[in-house]
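Note sheet for the following structure.
Rule-based calculations on the coordinates, nothing more; no lab input. The model shown is predicted, which means the values in this text are computed figures rather than measured ones. Note: ideal-geometry Cβ built from the backbone for every residue, glycine included; neighbour counts use all protein chains shown.
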Amino acid sequence: MDEEIDRWLMFTYWGSYLKENYMEVGLNVTEVLMRHWGKVRRLDGYAFNDDEALRNLDSIDEVRNEVLTDRDRYELYYVTFFNPTVEEEIYVNRLCVNDTLLRVEDYDNLKFFQTEDAEINVQRTQALVNLFTEVAGLPSLEELWMIDGDRNAYMGKPAYLYRPEPLYERVEDTVETKKTKEEVIRLVEEFEAHVPREWVIDYLQDRLGAESAGDMEDGKIRVLFYDRELTKNKMGNTRKFLRTFERHVDEYLLQKGIRLYKG
């Protein structure tokens, strides 16, 4: 790789809601990644030097044992894979696990999703969505986004699409993320009590297309903001779309005399 440009293929600021031990949930994510991407090519903690990293681990049991028997060294840990969806050269992805944020990193600025062959781009997009769906289906993950910045897809509880800017500026500041937990949980509970999931899905399908939003298990939904290829966001600006969604949710609830966010 001539120049590494770090983009996040998927991410969650789980410090704002996660109830289970983040290290163990990260291992559950690692297990899903291993089913799709094969062996762990490198496992290391934040304070490791290169000689201490473990390499080519075939079993999730090996990874679990290493992390959970030395929690101090793996308080922040990295799991590196060679993504097999790209055959022409080694394509490195890395899972980063810490107590406020989980992310899967791509180091080539998504170039493998932007080839000259549109069908290859679609196939690689679908492979990532399949992986994304399985990760998002883990019970402990309440929200998961695909592609930082552009936010091209979302899977999780509908309430996490309602993003009052002052609160989520703090959610996305890792110094503040865990301090927002009580606010986030309260907001999610109130959203779920007053905004039907069917209303959210109808709203999204009306604006994005029927194929772009639908139910998952455990009360979660899937929303695809892209148009066939991962890097082609049909909304242009997902954050702007979410601001509009927030306003329409507020208008819907004001008709019932309810105000969700009081910050």
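Some observations on this one:
- Assigned charges on the beta-carbon of Lys, Arg, Asp, Glu; the range 1-87 dipole about Cα centre (debye): 380
- A viscosity of 0.692 mPa s and a temperature of 37 °C, combined with the Kirkwood radius over C-alpha pairs in the Stokes-Einstein formula, give the range 156-248 a diffusion coefficient of 230 µm²/s.
- Compactness of the range 134-188 - radius of gyration and Dmax, Cα, Å: 11.5, 31
- Signed unit charges on C-beta, dipole axis of the chain, positive-most listed residue L18, V79, N109: L18
- Label positions at Q126 and D70, each projected 7 Å from the Cα along the C-beta direction, are separated by 4.2 nm.
- The translational diffusion coefficient of the range 14-53, from Stokes-Einstein at 25 °C and 0.890 mPa s with a Kirkwood hydrodynamic radius over alpha carbon pairs, comes to 205 µm²/s.
- Charges were assigned to the Cβ only: +1 to each Lys and Arg, -1 to each Asp and Glu. The resulting dipole of the range 142-219 about its Cα centre is roughly 180 debye.
- Percent RCO, i.e. relative contact order, over the chain, from Cα pairs under 8 Å lying at least 6 residues apart: 21
- Taking a ≥ b ≥ c as the square roots of the eigenvalues of the Cα gyration tensor, an a/c ratio of 1.5 or more together with a/b no larger than b/c marks the chain as oblate.
- Potential lengthening of the chain between E169 and I5 amounts to 56.7 nm, from the contour at 0.36 nm per residue minus the alpha-carbon distance.
- With only the Cα atoms considered, the range 82-170 has a convex hull volume of 123 Å³ per residue.
- Largest first and in whole Å, the equivalent-ellipsoid semi-axes of the range 55-103 read 23, 14, 7, each the square root of five times a Cα gyration tensor eigenvalue.
- By the rule of a C-alpha distance below 12 Å, with chain neighbours fewer than 8 residues away ignored, the aspartates and glutamates paired with K234 are D150.
- Proportion of all alpha-carbon pairs of the range 1-121 beyond 21 Å (%): 40
- Helix 118-136 axis, angle to the chain major axis (alpha carbon atoms, nearest 10°): 80
- The range 215-256: Rg to Rh, with Rh as the Kirkwood radius over Cα pairs: 1.10
- Tilt relative to the chain, helix 238-254 - C-alpha long axis, 0 to 90 degrees, to 10: 40
- Given charges at beta-carbon only (K, R positive; D, E negative), |dipole| of the chain in Debye: 1060
- Dipole-positive endmost among V200, Y46, T69 within the chain (Cβ charges, Cα centre): V200
- Amide H within-cut-off set for K232, under 5 Å, with H built and near neighbours excluded: D227
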